[in-house]
Amino acid sequence: MAVRPTSRPDDLLWEMEGSDVQRSPGFAAPGAWRIVWNYDCSNFGPGGGNFKITGDGAFDRVDIQATDVKASGRMSYTRAGYGHLLVESVCDHWKVTVLAG
């Protein structure tokens, strides 16, 4: 007998791995969504580097900023709508995932 999950996985709205500055294509988010992120700025030595995510349109309240060698986090939002996210970082590697739910 197969075991089925009791809840459905969250919907992926946007995901990107990169370095430097990247802008998402426009996408729509529901009334509850979240951003999950991590970065590695070890290329800047013990002081680390800067990592920032901002938004426009319905995402204009997005303002995540961190300065460290390596870090991760998540932020939840409750405003539905359409917009873009802008990731700005001097880090060698970062990953941003946006999920509905």
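Every number in this text was worked out from the coordinates using simple rules, so none of it is lab data. In this text the structure is predicted, and so the values were computed from the model without any measurement. In this analysis, Cβ positions are derived from the backbone assuming ideal geometry, glycine residues included, and neighbour counts consider all displayed protein chains.
Electrostatic tally near Tyr39: other residues with Cβ closer than 14 Å to its Cβ, Lys and Arg +1, Asp and Glu -1, net -2. Whole-Hz Karplus values for segment 51-61 come out as 9, 8, 10, 10, x, 10, x, 5, 9, 5, 8 Hz, taken residue by residue from phi with 6.51 cos²θ - 1.76 cosθ + 1.60 and θ = phi - 60°; glycine and proline positions read x.
Shown here for segment 13-93: trypsin sites (Lys or Arg not before Pro) in loop regions (DSSP other than H, G, I, E, B) with at most 10 other Cβ atoms within 10 Å, of which there are none. In the distance distribution for the chain, Cα-Cα pairs more than 23 Å apart total 30 percent. What the Kirkwood sum gives for segment 46-101 is a hydrodynamic radius of 12.3 Å, with every pair of different alpha carbons counted.
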